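To start, the structure itself, in structure tokens.
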Amino acid sequence: MSSLKFAEGLASGFSGHETRRTWSSWRSASALGFALGFLAVGGNALLAAATNRLVAAPHGGTFFLAGVFLLLCGWVLLTFVQRPERHRGADILGGLTVAMVTVIFAAGYLMVLTEAVPSFSLGLYESANAITTTALSGVNVEALSAGSQIFRAGLQWTGGLATLLLGVAIIPTLGAGRDLADRVGQSGMLPLAPSGGQAARNILFIYLPLSLVLWLAFALTGMGVFDGLLLALSVVSTGGLAVPGDPFRSGVVQWIAVAGMSLSGVSLVVLWRLAQRKTQGLWRSMELRFYLLGTLGLALLLIYSAGDFGLDSVRHAAFIASSAISTTGFAAQPFGPWVPLVPVAILCATAIGGMSGSISGGFHLQPLVALVRLSRRELLRQLHPRMVLPLRLGGVPVDERTIERMVVLQFLFIATVIATSLAVALTGFSVVDALGMAVHATATGGPVRSIDGIPQDPANWGVLSRLVLIPAMVAGRMAIFPVLVTATSVVAVTQQKLHFAGRRVRKNLRRS
């Protein structure tokens, strides 16, 4: 399967011998998932060890030993996996889910070992926040060592990269939304994702330079090389982790963050065309227009509600609006009085999120635009039953199976929010607060705000309340389907094993 060629190629390069007996598809994909999870945490742990070594901070040895051990485990798995000729699509999605869960458990335990969190349960919550780029962290960043700060920010950056690989390089190659993927170049433009491997290289071609440019821009404001790196990793990944001090007191830092968050919420296809200087036809994209006009509209609502039309008010409004729509979720305090409509509008903007094929979370604008057009088409069909009305997005006709998938995605997104809301409410929160927490967790954004706009501090939430948000974070970051496909497969296999076990028991009873 082309979507796993980069992982399989890496594995074959390490092995150095011909496979003698292939593993089953699900076993191989699961092993690759464990390997990728170990490699992701191990690489960030070594980066944290080097950072603590430079500044003589504690726990550098712990990070180093953990990093070496995890990298070794990942290398061993990649070396000895006997890959089948082809992986099933469901097994690939299951392997990706295994990788995400592996990162959460391994990074959570390492956070406990390095005293970043006091308990393993909180370690799970914080590592889930990091790898899913959800801005609901309850950790005091200033109390962390430099290595723990870079470890946390590095996990966010890794999660952002994984999101792009999943949405652009992997899921389209499995057939979901293939007709909307940028797989064939037009008008002299090189396609973003002609294949899974090429898509991964093109993603790195955009993601790495954008990260470096933001790092350089923040560092040049005078905030320092290290703090600039932390902030750049948080902005480009839409992770929203605060950095020590209050860097957003500087107007220049805020404007750079606005630019970075806005770009992170834009589809990678748009950024790819900008990189090729092929801008013709971009404004015809209804999704791009909705994204830009939505950001502008939310900013204008914030300015109008505050009643202050000065330049500082414009800057604060642009910062909060871009932070909400890109699901970056920096916990900015409200400026001036906010009417109750404003927190509701921010919640809706976070739930919708940015463009499809971007790093941002949420439901995304492309499915929303498609559902609006689908509703219009069905209304017209009631008036003209024989009318042929093909659905188009960006001038591209959309396959009916893709439309069905978007409808199912809408249902699953809402169902995830409702189920999470009920679970949070059972831990003692009001219905309104539980709904806000569930929406932000599923959209992988933040912060949760009260009706007057004040951000809530997740450190004040109970441990159980935070733990029940983790499944929503994982499902939301992985576009719902991979997690639910994996869960369905696990349930089916378990039922099958129980069925066969029951048959054996009944057969033995009859013999006796």
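Once segment 255-312 is narrowed to residues that are touching a residue at least 40 places away in the same chain (Cβ under 8 Å) and of a type in the set (Asp, Glu), the residue that is nearest to Pro340 (Cα to Cα) is Asp312. Among residues of segment 103-121 that are touching a residue at least 12 places away in the same chain (Cβ under 8 Å), those with a Cβ under 9 angstrom from a residue that is acidic (Asp, Glu), sequence gap 6+ or separate chain, pair up as Ala107/Glu126; Gly108/Glu126; Met111/Glu126; Ala116/Glu126; Val117/Glu126. Considering only residues in segment 131-189 that are charged (D, E, K, R) and in a loop (DSSP other than H, G, I, E, B), the one that is modelled with the highest pLDDT turns out to be Asp182. The single condition from (1) under 15 Å from Val41 (Cα atoms); (2) surrounded by 20 or more Cβ atoms within 10 Å (Cβ to Cβ) that Tyr125 fails is (1). In segment 429-452, the residues that are under 14 Å from Thr238 (Cβ atoms) form Cβ pairs under 7 Å with partners that are of a type in the set (Ser, Thr, Tyr) and in a helix (DSSP H, G or I), at six or more places apart or across chains, as follows: His440/Thr350; Ala443/Thr350; Gly445/Thr350.
Looking at Thr420, is it within 18 Å of Ala475 (Cβ to Cβ) and at pLDDT 90 or above? Taking the combined requirement at face value, the residue satisfies it.
Taking Val417, is it under 18 Å from Leu365 (Cα atoms), within 21 Å of the chain's Cα centre (by Cα), touching a residue at least 40 places away in the same chain (Cβ under 8 Å) and assigned to a helix (DSSP H, G or I)? Taking the combined requirement at face value, the residue satisfies it. For segment 230-251, which residues satisfy the criterion of being closer than 17 Å to Asn44 by Cβ, polar (S, T, N, Q) and in a loop (DSSP other than H, G, I, E, B)? The answer is Ser237, and nothing else.
Within segment 252-286, the set of residues being assigned to a helix (DSSP H, G or I), more than 11 Å from Thr221 (Cβ to Cβ) and not hydrophobic (A, V, I, L, M, F, W, C) comprises Gly260, Ser262, Ser264, Arg273, Arg284.
In segment 233-247, the residues that are without any contact (Cβ under 8 Å) to a residue 60 or more places away in the chain reach residues that are of a type outside the set (Gly, Ala, Ser) and surrounded by fewer than 24 Cβ atoms within 10 Å (Cβ to Cβ) with C-beta atoms within less than 7 angstrom, at least six apart or across chains, in these pairs: Pro247/Met223; Pro247/Asp227; Pro247/Val253.
Phe330 - would you say it is more than 22 Å from Asp457 (Cα to Cα), under 18 Å from the mean Cα position of the chain (by Cα) and among the hydrophobic types (A, V, I, L, M, F, W, C)?
Answer is no for this residue.
Among the residues of segment 429-445, those identified as among the β-branched types (Val, Ile, Thr), buried (at least 20 other Cβ atoms within 10 Å of the Cβ) and either at pLDDT 95 or above or not in a loop (DSSP other than H, G, I, E, B) (or both) are Val439, Thr442. How many of the residues making up segment 50-77 are modelled with pLDDT under 90 and either buried (at least 22 other Cβ atoms within 10 Å of the Cβ) or farther than 29 Å from Gln149 by Cα (or both)? Residues that pass the stated criteria total 0. Pro84 falls short on exactly one of the conditions (1) over 16 Å from Ala35 (Cα atoms); (2) at pLDDT 95 or above, and that condition is (2). Is it the case that Leu39 is in a helix (DSSP H, G or I) and modelled with pLDDT of 95 or more? Spelling it out, Leu39 is indeed in a helix (DSSP H, G or I) and modelled with pLDDT of 95 or more.
Given the criteria assigned to a helix (DSSP H, G or I), modelled with pLDDT under 90 and not β-branched (Val, Ile, Thr), does Ala217 qualify?
Numbers: assigned to a helix (DSSP H, G or I): yes; modelled with pLDDT under 90: no; not β-branched (Val, Ile, Thr): yes.
No, not satisfied.
Note on segment 240-282: residues that are polar (S, T, N, Q) and closer than 18 Å to Ala153 by Cα amount to 1. Can you run down the residue pairs with Cβ atoms below 6 Å, 6 or more apart or on separate chains, where the first is in segment 388-407 and farther than 14 Å from Leu371 by Cβ and the partner is of a type in the set (S, T, N, Q) and modelled with pLDDT of 75 or more? Within 6 Å, the pairs are Gly394/Ser285.
Select from segment 255-287 the residues that are among the polar types (S, T, N, Q) and either over 23 Å from the mean Cα position of the chain (by Cα) or modelled with pLDDT under 85 (or both) and write down the one among them that is nearest to Gln333 (Cα to Cα). Spell out the reasoning first.
Within segment 255-287, the first condition is being among the polar types (S, T, N, Q), and the residues that meet it are 262, 264, 267, 276, 279-280, 285.
Filter once more, keeping what is either over 23 Å from the mean Cα position of the chain (by Cα) or modelled with pLDDT under 85 (or both): 276, 279-280, 285.
Details: Gln276: 38, Thr279: 36, Gln280: 39, Ser285: 33 Å.
The qualifying residue nearest to Gln333 (Cα to Cα) is Ser285.
Scanning segment 92-122 for residues that are over 19 Å from Trp157 (Cβ atoms), at pLDDT 95 or above and either among the aromatic types (Phe, Trp, Tyr) or surrounded by 24 or more Cβ atoms within 10 Å (Cβ to Cβ) (or both) gives Phe105, Tyr109, Phe120.
The values are calculated or read from the model by the stated rules, or taken from the named source; none is laboratory data. Keep in mind that this is a model prediction, so the values were computed, not measured. Don't worry about glycine lacking a Cβ; one is built from the backbone with ideal geometry, like all the others, and counts go over all protein chains shown.
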